[in-house]
1. Run down 140, 108, 102 and say which single residue is in contact (Cβ under 8 Å) with a residue 12 or more places away in the chain, at positive phi and either within 16 Å of the ligand (Cβ to nearest atom) or part of a helix (DSSP H, G or I) (or both).
2. I'd like the full set of residues that are closer than 23 Å to residue 103 by Cβ and either free of Cβ contacts under 8 Å to residues at least 24 places away in the same chain or exposed (fewer than 12 other Cβ atoms within 10 Å of the Cβ) (or both), limited to the stretch 205-216.
3. Is there any pair linking a residue in the stretch 217-238 that is within 26 Å of residue 62 (Cβ to Cβ) and within 16 Å of the ligand (Cβ to nearest atom) to one that is assigned to a loop (DSSP other than H, G, I, E, B) and at pLDDT 95 or above, with Cβ under 6 Å and at least six apart or on different chains, and which?
4. What number of residues in the stretch 144-166 are out of contact with any strand residue (DSSP E or B) (no Cβ under 8 Å at 6 or more places or on another chain) and part of a helix (DSSP H, G or I)?
5. Just to check your reading of the model, which residue among 130, 121 is crowded, with 17+ Cβ neighbours inside 10 Å and within 16 Å of the ligand (Cβ to nearest atom)?
Ligand SMILES: [Zn+2]
């Protein structure tokens with residue numbers, strides 16, 4: 001069942017079962033704790049470092065979930081209305097969990113584990129019974145303007161058990177594997193031109209090795225994955241016609257890894273819109289679900305209509321339903337109206353039987 005208590009922390013085959021605590025630690029912490037004699041394995045060890053969670057699919061092997069992003073505004077800018085419709089659709093689809101694509105708390109993340117924004121923008125807003133499932137959250141750039149460790153803290157999970165936020169991690173449902181990537185540290189301008197903003201970079205410096213570890217870990221995990229569907233989630237866009245547009249750093253560094261490993265979907269927020277872009281280069285689909293609250297920015301760039309399948313400037317959310325042979329994506333507006341649908345089918349391969 002999808003509760004925090006049900007999760008199994010997978011043990012890497014490189015570790016004995018007596019070392020599960022080490023497995024859950026960050027790469028840098030881990031390396032610092034490994035005796036010198038084991039350092040010859042450090043490259044392999046760091047490449048197996050993404051924390052993994054197991055989330056059971058339904059008895060028939062299918063899975064359904066909702067995706068929302070850019071939401072935490074104490075209910076303002078239609079956050080409450082989007083939450084209401086998510087609750088209705090969550091019930092209808094019997095969802096297994098919810099993905100948040102980041103920018104969880106505006107304007108500047110949480111200022112600590114006791115920040116009332118956690119209750120006022122999350123617990124108090126997403127109250128529908130169907131939304132009391134596990135939320136898998138990534139961090140957005142606005143979250144990095146606050147106390148990042150607070151959002152990652154188990155203290156929040158004790159306050160509201162549906163909350164789970166980590167930097168980069170994996171959720172395996174067997175039928176599909178979800179790879180959550182911490183994209184904010186990839187973006188140069190937050191480091192080079194932070195303007196008036198102060199970002200909390202504790203835990204990710206030195207930046208170069210942090211980023212190369214994330215990419216290496218992701219590449220390795222994707223290569224090892226035997227899931228029928230591979231889905232990568234990050235806050236920042238790879239392709240988008242919205243206000244922020246493409247994220248150059250992710251196009252250069254992340255996109256080639258997704259394409260080389262046959263990733264099916266890249267799901268993000270950051271642009272406050274709902275959007276579906278396909279690609280002529282690969283089957284990879286780019287899905288933006290960043291309509292959790294403030295939207296209607298009105299600055300949409302031209303995009304090749306062969307690739308632009310759908311763009312909606314307003315609020316809403318997305319559902320994903322997955323079976324062994326099909327994935328169905330649907331976008332909804334603030335009234336719960338269906339705006340766009342997309343499906344892909346795959347043959348049942350012998351590898352998953
Ligand atoms: Zn953002």
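1. Exactly one of 140, 108, 102 is in contact (Cβ under 8 Å) with a residue 12 or more places away in the chain, at positive phi and either within 16 Å of the ligand (Cβ to nearest atom) or part of a helix (DSSP H, G or I) (or both), namely 102.
2. If the condition is that a residue be closer than 23 Å to residue 103 by Cβ and either free of Cβ contacts under 8 Å to residues at least 24 places away in the same chain or exposed (fewer than 12 other Cβ atoms within 10 Å of the Cβ) (or both), then 205, 207 are the ones that fit.
3. The qualifying pairs are 234/183.
4. The total comes to 9.
5. Unique residue meeting the criteria: 121.
The values are calculated or read from the model by the stated rules, or taken from the named source; none is laboratory data. In this text the structure is predicted, and so the values were computed from the model without any measurement. Counting neighbours? That spans all protein chains shown, and the Cβs are built from the backbone with ideal geometry, glycine included.
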